[in-house]
Amino acid sequence: MPATPDPARRPSPDAVQTASSTFDEALRFGPLGWFAVAGLVVTLWIALLPVDLVLATAVAAVAAVVAVLLVVRWTPRVRVRGGELVAGRAHIPLDLLRAPRALAGAELREALGPGLDARAYVCLRGWVHSAVRVDVDDPQDPTPYWIVSTRRPDELVAALTRG
């Protein structure tokens with residue numbers, strides 16, 4: 001009789017994806033963003049405090065849990081895995097990408113401002129101050145390039161180049 005695999009010993013799909021990734025980053029906000037979430041929860045608690053202490057505490061606790069879950073759920077990931085660049089919900093094969101380059105400072109402001117092509121795909125987070133631009137070489141795709149926020153632009157460029 002063949003042995004059945006133990007589900008507890010099987011790696012989760014997330015673990016398999018992460019293990020095969022050459023680049024993986026969650027674009028969560030930094031300490032200032034978490035401070036804003038905490039401030040929102042405290043403000044809610046203070047607003048409900050005159051009504052009832054127990055109610056204010058319960059609502060603030062639920063709000064804190066919901067806020068953290070929403071932040072984690074809605075945080076886009078940037079990955080290079082399985083021959084694809086994945087940025088948020090979009091993905092594109094690496095063999096269609098050309099000339100990845102890191103952007104920061106004035107160069108990033110130019111690329112996102114006056115130099116932005118309206119057809120470009122942009123996965124941007126305002127609290128991340130660097131990005132990577134990569135040209136799309138697909139005659140059937142009207143998207144000329146992608147700009148993807150990342151805190152580690154050199155690593156993403158290296159992963160795209162290796163891929």
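The values are calculated or read from the model by the stated rules, or taken from the named source; none is laboratory data. Here the structure is a predicted model, which is why all the values come from computation and not from measurement. Note: ideal-geometry Cβ built from the backbone for every residue, glycine included; neighbour counts use all protein chains shown.
Below is a table of values for the structure above.
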| item | result |
| --- | --- |
| Every pair of residues 6+ apart whose Cβ atoms lie under 6 Å, when the first sits in segment 34-48 and is within 14 Å of residue 66 (Cα to Cα) and touching a residue at least 12 places away in the same chain (Cβ under 8 Å) while the second is in a helix (DSSP H, G or I) and small (Gly, Ala, Ser) | 37/67; 41/60; 41/63; 41/64; 44/60; 44/63 |
| Criterion: at positive phi, in contact (Cβ under 8 Å) with a residue 12 or more places away in the chain and of a type outside the set (Phe, Trp, Tyr) - qualifying residue of 99, 104 | 99 |
| Pairs, first touching a residue at least 40 places away in the same chain (Cβ under 8 Å) in segment 112-135, second aromatic (Phe, Trp, Tyr) and in a strand (DSSP E or B), C-beta under 6 Å, six or more apart | 134/146 |
| Residues within segment 55-94 that are part of a helix (DSSP H, G or I) and within 30 Å of residue 44 (Cα to Cα), tallied | 20 |
| Unique residue being assigned by TED's automatic domain parsing to the domain that holds residue 153, more than 17 Å from residue 144 (Cβ to Cβ) and touching a helix residue (DSSP H, G or I) at 6+ places or on another chain (Cβ under 6 Å) when the list is 102, 106 | 102 |
| Filtered residue count, segment 148-163, keeping only those that are in contact with a helix residue (DSSP H, G or I) (Cβ under 6 Å, 6 or more places away or on another chain) and at pLDDT 90 or above | 1 |
| Tally, over segment 25-37, of residues that are surrounded by 12 or more Cβ atoms within 10 Å (Cβ to Cβ) and either part of a loop (DSSP other than H, G, I, E, B) or at pLDDT 95 or above (or both) | 3 |
